[in-house]
Amino acid sequence: MKNMRFPIVFVLLFLLSASVFSQDMNRIDLGGRWKFRKQGSEKWMDARVPGCVHTDLIRGGLINDPFYRDNEKYIQWISDIGWEYEKVLMISDTVFQYNHIELVCKGLDTYANVYLNDSLIIVADNMFRDWYADLAPILKVGVNKIRIEFPAVTAENKSRYDKLGYKLPGDEKVVCRKAAYHFGWDWGPTIITSGIWRPIYIRCWEHVNVMAVQYTQRSLTDSLAELTGIYTMLSSYDDTAFIQVLYKDNLLAAKKVPVMNGVSVIRVNFQIKNPKRWWPNGMGEPFLYPIQHKVYFAGKKVADGTTRLGLRTVELNEDADTTGTSFHFTVNDVPVFMKGANYIPQDNFPSRVTDSSYKALIQSVKDAKMNMLRVWGGGIYENDIFYNLCDENGILVWQDFMFACAMYPNDREFIRNVQAEAIQNIVRLRNHPCIALWCGNNEIDEGWKNWGWQKQYGYSPADSAKIWNNYRGIFGSTILTSVLKFDSLRSYILSSPRYGWGRAESLKRGDMHYWGVWWGKEPFSIYKEKTGRFLSEYGFQGFPPLETIADFTLPADRQLNSPVMKSHQKHPVGYETIDEYLLRDYKKPKDFDSYVYVSQLLQAEGIKTAIEAHRRAKPYCMGTLYWQLNDCWPVVSWSSRDYYGREKALHYFLKNEYGTLLVSPILQDNTMKVFVVSDSLKECQADLHLRLQDFSGNVHFDTTLAIHVEPNASKLYYEFPFRQLIRIFNPCQLVFTADLMMGGKYISRNNYYFQPVKDLELEKPVIRRTVKKLQDGYAITLSTDKLAKNVWLTSTMKGNFSDNFFDLLPGETRTVQFKTIDKSGAFSDKLRIQTVADTY
């Protein structure tokens, strides 16, 4: 047992980061019905907590849905005025049997003054922190009133910013510890919220508070895991604590120790024999141990909680090599190629994201064969359920701290605020096996060095030195020391990326955000050349599905240049960029619906090119995280999965592109080369089936090779001077198909075309279909007389297709399942099948 006397500042910070177990069993939930009003108004309105001003105004019919049409522009006034929330509490005398009665606010967005019975008890200015107050001196038996004032965000930001006395990139929002995306982004609306966005409750405890429980892994082998439970307790007097550690009611360890008045940190060592390891998705089972702790103080149980542990090692390795410096993760001492995406909040109003939405999103991530998500620094530290689901499904998390694309102040109060924020979230998340990396910020290092901020803001050399030192103070000192103190076994990097994409070093060292495609208007083929060590951002936009567009438009709005469609495209030259790229590779679509479909193919094929280049380059490149997984509202964006959870073509493509085994053909130097990439830790035998055929099914080349697939490697397995062969035939009517098969089953397929799609001589195919009713939907079996390029299945019946946007070759059949709970029948009449040949 280690008894510590902490400086008062540290004790306060740690109290703010409390991860309480038993005391939260004695709680009074303050969620549910509240009332709210504009500051200065006499009229109260109904409110729902957790929530925010906007969701309460929507629920009350006082504003229109800001996601519909161009309603966003009509609600900007909301953040220009202050708001008040109020709730009346009835408190019984039984509450006062406890020595400590505290208010716990898990999330106040953002500036807030909290009153109990007209006494000010909390002044908050950070939506990412928990806030606490001692209620014992003020709370009374019977009627009590809690009131929370939310000052106008824009006015408070301006006041604080003006007091700085200097300007910063990011402008007024940088003084505000609030989700940056609320102020607008190039994929999101400007909706500046206020309110009680996470749970609020009263908790009661007696003489001891178990503030935090942490488990650290001292060693891990196949035969033994050695661990330590670290229990941080706050006691109001001296006595004895007894701690038990259990797994499935089996006692792993017990310890009896004296506890002094104040803060004590007690360590209990224990072992797990023959441990099962936690593995990322696709590499094994993400096994979790529910470890229970029971804490007794003065002979009375004061804590009883369970923490799910995943036994694994995870490290970020940055080792010098002949080219530069590697950037790769090892899990359980195995180098792992990271396949995934960048994640943003699922809603501009995060309080209304349901558990079922989290479950559906992480399931779609797992089904797409991903093993990592990067939680981007302009959003929020996610709710516990997000990390729990990642733990359960083997999804590693690259966790940014919430700073993005701006420079920040470095005054004492701001730093104290950031320090408390960092400590709270590190303590909350550190027991999750999914957390792989802490990252200080998104693109601030790159922005300072490459985006011309110094010139834009007219900084002198002295100004620049001061602002850069402020940056180093936050990310190289405040946050770094918080990680080292509270989660020292995990890696931390200051910023992502290490170097900007325009610098040669970005291809040799660190992680890379490659935006030569899109921002630089470079062709998709450049992805094959610009392959860095770890691609933590890159992407391309695609329209959301037509059903989503129908949800936020009227029929008259559904044209590219309508005001409504423009309001749902937040990039300043988004439509122009999509159109420029689209016309490079496709014929101009004949109508709006066709344009939406083709834009998704464009996005999917572009990102497919990038992913395969990254995976072929293994182990030089050891990660690919495209921008972005999801949306926070219905919008034309870089996402593969839209706001409603509907999957674009890209998301369907990922199920092959991110597979454990990938076959990837590429034409280089007039030679067709076929790579097989394996992320499996086991070698295997497979058949590599290669065909060259025309669009009518006439086969000009056909061979099958028995190959030995090496584990965790990318390898060239076949090459042939194909230029000689295709000169004999019309390249505008040829497709080269590579199939990787095991036991007669398709594991991975890839079709390679020798011309852009716009130059392919595509005829409209005759697609035959049969539909079979299943218990949970329908099975659709398809065949075609000619190449059916990117078969697009849609239905007016609500449901999900197991596959979509695929090439169907003549002479083959493919069966797709459509899952639905709709029992109305007549599915065949509601099924529509289209291909690229139908778009012009």
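For LYS140, tell me the accessible area in Å² from a 1.4 Å probe, rounded to the nearest 10.
Roll a 1.4 Å probe over it and LYS140 shows about 100 Å².
Which order do MET283, MET402, MET260, MET90 take when ranked by solvent-accessible area (1.4 Å probe, heavy atoms of all protein chains), largest first?
Solvent-accessible surface, decreasing: MET90, MET260, MET283, MET402.
Any idea how far the Cα center of the range 221-266 sits from the one of the range 434-506, in Å?
For the range 221-266 versus the range 434-506, the Cα centre distance is 38 Å.
Just for the chain, what percent of DSSP beta bridges are antiparallel, to the closest 5?
Of those bridges, close to 85 percent are antiparallel.
With respect to the cross-link table entries LYS608/LYS789; LYS158/LYS466; LYS608/LYS819; LYS178/LYS648, which display a Cα-Cα separation exceeding 20 Å?
With Cα atoms farther than 20 Å apart: LYS158/LYS466; LYS608/LYS819; LYS178/LYS648.
Can you work out the Karplus-derived ³J(HN,Hα) for every residue in the range 207-212? Use 6.51 cos²θ - 1.76 cosθ + 1.60 with θ = phi - 60°, whole Hz, and x for glycine or proline.
Result, ordered by residue: 9, 9, 10, 7, 6, 8 Hz.
In the chain, which Cys residues have no partner Cys with a Cβ closer than 4.7 Å?
Result for the chain is CYS52, CYS105, CYS176, CYS204, CYS405, CYS439, CYS621, CYS632, CYS684, CYS732, no neighbouring Cys Cβ within the cutoff.
Can you give me the long-range amide H partners of PHE329? Hydrogens built in the peptide plane at 1.01 Å from N, cutoff under 5 Å, separation of 5 or more residues or another chain.
Correct list: ASN317, VAL336.
With a cut-off of 8 Å between alpha carbons and a minimum separation of six or more residues, what is the relative contact order of the chain in percent?
Taking the mean separation of contacting Cα pairs over the length of the chain, I get 9 percent.
Which distance in Å, rounded to a whole number, links the C-alpha centroids of the range 86-149 and the range 309-369?
Going from one Cα centre to the other spans 37 Å.
As a test, work out the antiparallel percent of DSSP beta bridges whose residues both lie in the range 319-410, rounded to the nearest 5.
Around 35 percent of the beta bridges assigned by DSSP in the range 319-410 are antiparallel ones.
Cβ neighbours within 10 Å, averaged per peptide: list 307-318, 365-376 in order, most packed at the top.
Highest mean packing first, the order is 365-376, 307-318.
Which sequence of ASP134, ASP822 reflects their accessible areas, 1.4 Å probe, from the largest down?
ASP134, ASP822
Would you list which aspartates and glutamates come within 20 Å of LYS764, measuring only between C-alpha atoms, while excluding same-chain residues fewer than 8 positions from it?
Those aspartates and glutamates meeting the cut-off are ASP585, ASP591, ASP593, ASP694, ASP785, ASP807, GLU812, ASP838.
Taking a cut-off of 23 Å between Cα atoms, list the lysines near LYS255, but don't count ones fewer than 8 places away on the same chain.
Correct list for LYS255: LYS2, LYS273, LYS294, LYS300, LYS301.
Which length gain, in nm to one decimal place, applies between ASP65 and THR221 when the Cα-Cα distance is subtracted from 0.36 nm times their residue separation?
Result for the pair: 50.7 nm of gain on full extension.
Ordered by residue, what ³J(HN,Hα) values in Hz, to whole numbers, does the range 498-506 give under the Karplus form 6.51 cos²θ - 1.76 cosθ + 1.60, where θ = phi - 60° and Gly and Pro are x?
The phi angles translate into 6, 9, x, 5, x, 9, 4, 4, 5 Hz.
By per-residue mean of other Cβ atoms within 10 Å, what is the highest-first order of 632-640, 762-770?
With the highest mean Cβ count within 10 Å placed first, the list reads 632-640, 762-770.
Can you tell me the order of 94-105, 158-169 when each peptide is scored by its average per-residue count of other Cβ atoms within 10 angstrom, highest first?
Top to bottom by mean Cβ count within 10 Å: 94-105, 158-169.
Suppose every Lys and Arg Cβ carries +1 and every Asp and Glu Cβ carries -1, with no other charges. What dipole size does the chain come out with about its Cα centre, to the nearest 20 debye?
Dipole about the Cα centre, nearest 20: 800 debye.
Roughly what angle does helix 355-367 make with the longest principal axis of the chain, taking Cα atoms, 0 to 90 degrees, to the nearest 10?
40
For the full complex of protein chains and a 1.4 angstrom probe, list CYS390, CYS405 by accessible area with the highest value first.
Putting CYS390, CYS405 in descending order of accessible area: CYS405, CYS390.
With θ set to phi - 60° and the Karplus curve 6.51 cos²θ - 1.76 cosθ + 1.60, what are the ³J(HN,Hα) couplings of the range 592-603 in order, to the nearest whole Hz, using x for Gly and Pro?
For the range 592-603, the Karplus curve yields 4, 4, 5, 5, 4, 4, 5, 4, 5, 5, 4, 4 Hz.
Excluding same-chain residues fewer than 8 positions from LYS823, which lysines have a Cα within less than 18 Å of its Cα?
LYS772, LYS773, LYS798
The values are calculated or read from the model by the stated rules, or taken from the named source; none is laboratory data. For clarity, every value in this text was computed on a predicted model and none was experimentally measured. Quick reminder, even Gly has a Cβ in these numbers, built from the backbone with ideal geometry, and neighbours come from all protein chains shown. Surface accessibility is based on the protein's heavy atoms, side chains included, excluding ligands, DNA and RNA. Shrake-Rupley method; radii C 1.70, N 1.55, O 1.52, S 1.80 Å.
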